[in-house]
Amino acid sequence: MVTISEVKTGTSARENRTAAHTHIRGLGLRPDGTAEKVLSGFVGQESAREACGLIVDLIRAKKMSGRAVLLAGGPGTGKTALALAISQELGTKVPFRPIVASEIFSAEVKKTEALMENFRRAIGLRVKETKEVYEGEVTDLTPEEAENPLGGYGKTISHVVVGLKSGKGTKKLRLDPSIYEAIQKERVAVGDVIYIEANTGAVKRVGRSDAYATEFDLEAEEYVPIPKGEVHKKKEIVQDVTLHDLDVANARPQGGQDIMSMMSQLSKPRKTEITDKLRTEINKVVSTYISSGVAELVPGVLFIDEVHMLDIECFTYLNRALEASISPIVVLASNRGVCTIRGTDDIEAPHGIPSDLAGRLLIVPTYPYDKADIETIVKIRAKTEGLDASEEALMRVAEIGAETSLRYALQLLTPAGVIAKSQGRGKIEKSDVEECKELFIDAGRSAGLVTGNFLA
């Protein structure tokens, strides 16, 4: 007998990797802007979350552009989590560009170029365009052939006849053979809902008509209703791009200088140097279309973690970039106290940031977690990682977190789960945590061990 087994897919399958901040779903604020003790995966840091809530409101009101925020606190106090929570609160339509400061140092790209590129990636442009489209359910799809003009026995497609049906009527269209290629790429069949742009001939398959949806259907199709109104209509299409996309697309411009010519170049990116002159010209065109109402600027968020790793040249350039007419909201994070600014011999400053830049920042402090907060975080992480642990084991992990660091304690959870499974148990016990603690030492014990070896 042939064995057939079903491959289970869908929302129940864990397809995504569990990252360090997977459990963060937002800032966890009440409607009046005050923070809950535990909400949206966040625990504690109420004052910092409320401050970040105000920053989110300023960004939404478009009163924060060109300003910068510094999240300052010790390691493992939730600075990166706060930045990601700001991103979650703003939604997917607002660009969010997270980088680590050391990323901008490269042998191939200048520091200032890398910094400006990330600035431009964090600034969005929402272009609204009214297009003439044909939209409806495909009732007929017939390619018509003709003799090959180059001779031989083969035939070529001269045109294709497409029948479309909408809520208020039907139409038959005779289309160019190039559009038939686009129809084939989209895998359009009779019964699909599509729309065709009249100007460009672009074809988009929206989904399968819900008239074909039955409980016995085996295909995992997305069913959509038949479009309302006439088949031929004017439709407003909104397109979201970043300024960096426009920079790359127009580094070697071909075609007109109107906004749609610029947009059409997005599908043909070329790796080449982007000059300040080109960026200035693109800014002028963007400003023109913003003032005429064709496009809307969406200042996003650039998050620079470990900002003390930047050098004095980068900080100087950052000052200039923040003062530009088109700039994003910059969120910086640092876990240093007073330290030497990189690129200088002996200039010390709080958080490793020059005083002239630090004076421009809104500084949000984060504080170490107490034992009760650590216990709650450990329980949330165990649930997020799908681990079954006894209360005793979770309490022991929390104790280790209070003694050493939260990061170290959370890293013990998954190995403890592996040890429990290897011993035939589904639940993590305290002994599994203790075994992991012996196998993997924390940074403090490691430093003591190394120091002892050197002294010996």
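Just give me the residues in region 102-136 being of a type in the set (Lys, Arg) and either closer than 26 Å to residue 301 by Cβ or surrounded by 21 or more Cβ atoms within 10 Å (Cβ to Cβ) (or both), in sequence order. Explain how you work it out, then say what you get.
Of region 102-136, the ones of a type in the set (Lys, Arg) are 110-111, 120-121, 126, 128, 131.
Correct list: 110, 111, 120, 121, 126, 128.
Being within 30 Å of the chain's Cα centre (by Cα) and closer than 18 Å to residue 232 by Cβ is the filter here, so list the residues in region 154-199 that pass it.
193, 194, 195, 196, 197
Please go through region 321-346 and give me each residue that is among the polar types (S, T, N, Q), surrounded by 14 or more Cβ atoms within 10 Å (Cβ to Cβ) and under 28 Å from residue 243 (Cβ atoms), ordered by number. Working first, answer last.
Taking region 321-346 as the starting set, the residues that turn out to be among the polar types (S, T, N, Q) are 325, 327, 334-335, 340, 344.
Okay, now just the ones that are also surrounded by 14 or more Cβ atoms within 10 Å (Cβ to Cβ), so 327, 334-335, 340.
Once the filter is applied, which keeps residues that are among the polar types (S, T, N, Q), surrounded by 14 or more Cβ atoms within 10 Å (Cβ to Cβ) and under 28 Å from residue 243 (Cβ atoms), region 321-346 yields 327, 334.
Give the residues of region 427-456 that are under 35 Å from the mean Cα position of the chain (by Cα), assigned to a loop (DSSP other than H, G, I, E, B) and within 15 Å of residue 394 (Cα to Cα), sorted by residue number.
427
Out of region 156-187, which residues are within 19 Å of residue 136 (Cβ to Cβ), of a type in the set (D, E, K, R) and surrounded by fewer than 18 Cβ atoms within 10 Å (Cβ to Cβ)?
168, 171, 172, 174, 176, 186, 187, listed by residue number.
If we scan region 64-74, do we find a residue that is touching a residue at least 60 places away in the same chain (Cβ under 8 Å), touching a His at 6+ places or on another chain (Cβ under 9 Å) and part of a strand (DSSP E or B)?
Within region 64-74, the subset touching a residue at least 60 places away in the same chain (Cβ under 8 Å) is 64-74.
Keeping just the survivors that are touching a His at 6+ places or on another chain (Cβ under 9 Å) gives 70, 72.
Next cut, part of a strand (DSSP E or B) only: 70, 72.
Among the residues of region 64-74, at least one is touching a residue at least 60 places away in the same chain (Cβ under 8 Å), touching a His at 6+ places or on another chain (Cβ under 9 Å) and part of a strand (DSSP E or B), which makes the answer yes.
Mind listing whichever residues of region 166-180 are in a loop (DSSP other than H, G, I, E, B) and either touching a residue at least 60 places away in the same chain (Cβ under 8 Å) or of a type in the set (Gly, Ala, Ser) (or both)? Break it down stepwise before answering.
So in region 166-180, the residues in a loop (DSSP other than H, G, I, E, B) come out as 167-168, 176.
Hits for region 166-180 are 167, 168.
Scan region 144-165 for residues that are modelled with pLDDT under 80 and part of a strand (DSSP E or B) and jot them down. Before the answer, list the steps.
First, the residues of region 144-165 that are modelled with pLDDT under 80: 144-159.
144, 145, 146, 147, 155, 156, 157, 158, 159 - these are the residues of region 144-165 that are modelled with pLDDT under 80 and part of a strand (DSSP E or B).
The values are calculated or read from the model by the stated rules, or taken from the named source; none is laboratory data. As the structure is a computational prediction, the values presented were derived from the model and not from experiment. Heads up, the Cβs are rebuilt from the backbone with ideal geometry, glycines too, and the neighbour counts pull from every protein chain shown.
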